[in-house]
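The values are calculated or read from the model by the stated rules, or taken from the named source; none is laboratory data. The shown structure was predicted, so the numbers you read here are calculated from the model rather than taken from an experiment. Neighbour counts run over all protein chains shown; Cβ positions are idealised from the backbone, glycine included.
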């Protein structure tokens with residue numbers, strides 16, 4: 001039994017084939033996936049061994065609505081994929097957003113909005129004698145500015161407190177490392193700037209040949225991780 005999925009959290013979408021049990025093994029040369037889209041377009045994907053699972057070497061183009069023919073050693077299997085909403089878009093937008101430009105936009109737009117509301121209030125007060133329109137326009141403008149300011153303070157406050165705007169990134173980093181049979185002892189993820197994040201990872205491994213460069217290569221799939229520091233702690237397996 002094997003599970004076939006599209007993995008795309010923080011990385012370009014790729015196919016993943018995971019064995020259902022620890023005893024099950026997959027041979028990359030005997031595995032392939034062919035997608036058949038509604039318009040008849042076909043694309044074949046080859047796979048690379050990532051330790052605990054196989055991952056397609058090619059990216060899966062959008063949209064993810066197609067029939068997939070999975071070829072394994074025991075034969076062919078057909079799977080239907082349906083397009084789903086991308087919940088990680090909000091987190092990715094928060095990670096790549098430039099708050100300096102955003103604050104400048106808010107400042108200019110707030111000034112323009114208050115000026116327009118004040119002019120409308122004065123014109124209505126003059127035309128209809130509605131003297132209360134001018135202060136009402138001021139209150140509405142203040143509420144609009146407060147709403148924009150709250151969103152800006154919420155996002156920038158998280159940066160000042162060293163909170164990660166993309167909480168899934170830490171989970172994805174841990175998942176990639178531990179899928180290779182290693183253990184994450186300590187993990188910290190920070191936002192360095194718009195579209196750039198940093199990760200500091202401490203790993204315990206029983207594979208003596210695995211150096212920090214091995215984990216750098218494994219984490220290279222995360223395009224927003226601009227700086228990665230890895231500490232490797234070799235462990236011995238009791239015989």
Starting from residues that are part of a strand (DSSP E or B) and farther than 18 Å from residue 180 by Cα, keep the ones in segment 6-41 and report whichever is modelled with the lowest pLDDT.
-> 6
Only unsatisfied item for residue 110, checking (1) modelled with pLDDT of 80 or more; (2) surrounded by 12 or more Cβ atoms within 10 Å (Cβ to Cβ), is (1)
Scanning segment 186-205 residue by residue, those out of contact with any helix residue (DSSP H, G or I) (no Cβ under 7 Å at 6 or more places or on another chain), at pLDDT 85 or above and over 10 Å from residue 232 (Cα atoms) turn out to be 186, 188, 198, 200
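Residues of segment 219-239 being over 19 Å from residue 190 (Cα atoms) and modelled with pLDDT of 85 or more, which ones?
Within segment 219-239, 232, 233, 234 qualify.
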